[in-house]
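Undergrad: For reference, the structure I am asking about is given below.
The values are calculated or read from the model by the stated rules, or taken from the named source; none is laboratory data. Note that this is a predicted model, so its numbers are computed, not measured. Here the Cβ positions follow ideal geometry from the backbone for every residue, glycine too, while neighbour counts run over all protein chains shown.
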Amino acid sequence: MKRKLDANDVPSTDAAEGENEMRTTFENLALDPRLRQALVKENFSKPTLVQSKAIPLALEGKDILARAKTGSGKTAAYVLPVLQSILQRKSNDPSLKATSALILVPTRELSEQVQRVIVSFSSFCGKDIRSVNLTQKVSESVQRAMLADVPDIVISTPARVVSNVNNSALSLDHLTQLVIDEADLVLSYGYEDDINALAKAVPRGVQTFLMSATLTSEVDTLKGLFCRNPVILKLTEAEDEGGGISQFAVRCAEDEKFLLTYVIFKLQLVKGKCIIFVGDIDRCYRLKLFLEQFGIKSCVLNSELPANSRIHVVQEFNKGVYDIIIAADDQEVLGTKKIKKASAITDADNNENAEDAEAELEESSDDEVQPAENTQAKSNKKQKLSGKQKDYGISRGIDFQNVACVLNFDLPTTSKSYTHRIGRTGRAGKTGMALSFVVPKDEYGKHKPTSYPTAKHDEAVLAKIIKRQAKLGHEVKPYHFEMKQVESFRYRMTDALRAVTRLAIQEARAREIRQELIKSEKLRRHFEENPDELRHLRHDGEIRAVRIQPHLKHVPDYLMPSKGKQGLMAEDSQRRHVGIGKTSENRIRKARERNRAKGRKAGGGKKSDPLKTFNAKGRKK
Ligand SMILES: Nc1ncnc2c1ncn2[C@@H]1O[C@H](COP(=O)(O)OP(=O)(O)OP(=O)(O)O)[C@@H](O)[C@H]1O
């Protein structure tokens with residue numbers, strides 16, 4: 001089905017949801033055999049929708065503007081045509097040495113990620129494909145040396161490219177392909193001047209790819225600057241094509257967020273890896289310190305940590321080293337001042353504060369609910385926030401793999417941010433679950449020490465989220481915990497929460513940065529030389545900023561759901577319905593016996609968790 005989407009662009013293609021179209025296969029894409037070999041190695045058996053649409057058009061030399069949902073495989077949709085065209089040129093002229101492809105991304109993490117994809121797809125190409133990631137934390141002279149070798153592909157943030165073009169270390173004269181990934185973010189990350197400079201430096205006629213999960217005015221600006229009559233692909237994958245995220249909203253009071261999180265993770269009601277999104281950096285540490293008291297390990301991910309640590313956390317999480325990441329999707333509020341401060345610490349020698357910028361500027365207008373407390377953001381108007389509070393995503397575009405569940409501990413302030421957050425699960429056709437805590441208006445402010453300011457607007461934001469998801473054909477279902485069953489855990493929750501004082505949070509935050517900076521700086525060289533040893537460097541250790549009460553780490557039998565018939569919640573990774581389900585008394589008894597046999601230490605242990613055997617069943621309002 002073809003439909004014109006933008007009056008200014010011809011032609012345009014719209015592959016609508018549910019479209020039952022014959023997919024192109026990788027075999028009939030006429031890719032170089034070395035790339036096909038790599039596809040097999042990477043277990044890419046068939047192209048995703050965006051790949052099957054974009055790759056043939058790209059191979060014809062068309063400019064592409066693709067909007068496809070998060071996790072839909074946009075990276076390979078441009079990397080494969082870029083590699084193909086380099087290989088083709090080299091087969092015509094083996095002596096060719098030129099930087100012919102430039103890939104721009106908004107952050108260093110993404111740059112690393114894209115380079116990894118390039119390296120893996122070119123693993124059978126020998127020296128025919130050489131790429132350089134310019135965002136590596138190396139000195140200018142090292143960058144110059146890397147570029148002196150004239151890599152085929154340069155991956156970078158715009159600022160790094162411009163500085164290297166300005167000092168003549170990089171020439172764009174032979175550029176034939178330009179990619180702007182996460183195109184909706186590049187301008188809002190403060191790269192406007194660099195982008196304008198690049199628009200002048202990039203030769204005419206370069207094939208351009210603009211890849212984005214959302215089409216915004218920023219993308220439109222980039223299209224005007226770089227594209228020649230691009231093909232616009234506006235794609236939404238059909239749900240029944242394998243993927244799918246079950247979405248649930250749990251209405252609960254502020255303190256119940258902590259109570260439920262404790263229960264969910266202590267009783268392992270969610271199987272597999274989970275990303276917990278919280279509103280700001282302090283919340284990261286509040287939750288980490290809270291969970292730590294119950295022996296629940298987690299890593300934090302926020303813009304304040306050195307980029308090397310952030311990259312390492314994500315890599316290790318993807319390998320399955322950690323189960324829980326607590327990510328600050330800083331809807332700051334705390335403002336760009338802090339960002340700059342954080343950047344100054346982490347990127348002192350890098351001079352690219354924009355890489356760590358926390359403000360995501362989206363042009364949406366009706367999507368936002370303004371936090372009234374957002375006074376600092378108001379004062380930061382000149383930082384281009386134009387008075388609008390925007391959700392920033394430290395996780396935007398990052399390929400977290402095999403995430404079973406996204407838990408919105410604090411609801412984001414926009415439905416767009418919600419879409420991006422939940423897009424961290426259910427990637428590449430897999431299933432996933434998104435669970436969101438929503439504080440009802442009449443509950444807000446009842447628990448002052450733990451109240452999160454934007455929670456005041458949760459219900460309004462949820463209404464927007466439901467509307468937006470409905471437009472995409474998805475339902476956000478209400479979900480109810482059996483609070484009576486959970487109640488027995490409340491005393492412990494209160495005890496643990498009380499220990500997480502403001503001072504403890506500050507101390508934890510400072511200590512974590514110190515530790516991560518040491519790991520990041522001092523060990524960088526060592527790990528470059530001994531990459532295998534990186535796996536011994538963990539980020540989920542106890543911060544110990546609060547007094548550990550050993551008894552909290554165990555779940556005594558008397559706290560377990562007394563009736564036994566009613567569970568609390570179960571996971572949904574196999575497309576089962578998430579919900580409170582029945583369990584068999586027998587299984588609980590057996591599990592308890594196993595626990596006893598293992599001694600008190602085994603309480604809540606992975607294998608003996610009775611709730612893991614609960615049937616998953618939803619309960620609608
Ligand atoms: N054809 C394919 N077959 C199997 N796995 C794939 C395929 N294409 C992509 N993937 C995997 O899907 C995941 C998501 O891909 P990718 O990061 O390119 O998505 P994206 O659309 O760029 O997402 P985002 O918008 O969040 O950046 C990756 O782990 C990738 O390896």
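Undergrad: Among the residues of the range 425-432, is there at least one that is in contact (Cβ under 8 Å) with a residue 24 or more places away in the chain and more than 16 Å from the ligand (Cβ to nearest atom)?
TA: Start the filter on the range 425-432 by keeping residues that are in contact (Cβ under 8 Å) with a residue 24 or more places away in the chain, which leaves 425-432.
Those still in the list that are more than 16 Å from the ligand (Cβ to nearest atom) too: none.
So far as the range 425-432 goes, no, none of its residues is in contact (Cβ under 8 Å) with a residue 24 or more places away in the chain and more than 16 Å from the ligand (Cβ to nearest atom).
Undergrad: Output the number of the condition that residue 54 fails; it satisfies all remaining conditions of (1) in contact with a strand residue (DSSP E or B) (Cβ under 8 Å, 6 or more places away or on another chain); (2) in a loop (DSSP other than H, G, I, E, B); (3) at pLDDT 90 or above; (4) within 13 Å of the ligand (Cβ to nearest atom).
TA: Tallying (1) in contact with a strand residue (DSSP E or B) (Cβ under 8 Å, 6 or more places away or on another chain); (2) in a loop (DSSP other than H, G, I, E, B); (3) at pLDDT 90 or above; (4) within 13 Å of the ligand (Cβ to nearest atom), residue 54 fails exactly one: (2).
Undergrad: I've got another one for you. Given the structure, is residue 304 assigned to a loop (DSSP other than H, G, I, E, B) and either in contact (Cβ under 8 Å) with a residue 60 or more places away in the chain or not assigned by the TED database to the domain that holds residue 261 (or both)?
TA: Considered against the rule, which asks whether it is assigned to a loop (DSSP other than H, G, I, E, B) and either in contact (Cβ under 8 Å) with a residue 60 or more places away in the chain or not assigned by the TED database to the domain that holds residue 261 (or both), residue 304 comes out as yes.
Undergrad: How many residues does the range 172-223 contain that are among the acidic types (Asp, Glu) and closer than 17 Å to residue 66 by Cα?
TA: Matching residues across the range 172-223 total 5.
Undergrad: Out of the residues in the range 34-51 that are over 29 Å from residue 222 (Cα atoms), touching a residue at least 24 places away in the same chain (Cβ under 8 Å) and in a helix (DSSP H, G or I), which is farthest from the ligand (Cβ to nearest atom)?
TA: 34
Undergrad: Which pairs have Cβ atoms under 8 Å, sit 6 or more apart or on different chains, and link a residue in the range 59-86 that is under 30 Å from residue 97 (Cβ atoms) and without any contact (Cβ under 8 Å) to a residue 24 or more places away in the chain to one that is of a type in the set (Phe, Trp, Tyr) and more than 10 Å from the ligand (Cβ to nearest atom)?
TA: Between residues of the range 59-86 that are under 30 Å from residue 97 (Cβ atoms) and without any contact (Cβ under 8 Å) to a residue 24 or more places away in the chain and residues that are of a type in the set (Phe, Trp, Tyr) and more than 10 Å from the ligand (Cβ to nearest atom), there is no close pair.
Undergrad: Exactly one of these conditions fails for residue 80: (1) out of contact with any Gly (no Cβ under 7 Å at 6 or more places or on another chain); (2) within 8 Å of the ligand (Cβ to nearest atom); (3) of a type in the set (A, V, I, L, M). Give me its number.
TA: Condition not satisfied by residue 80: (2).
Undergrad: Hey, can you tell me all the residues within the range 163-220 that are more than 16 Å from the ligand (Cβ to nearest atom) and acidic (Asp, Glu)?
TA: Across the range 163-220, the qualifying residues are 173, 192, 193, 194, 220.
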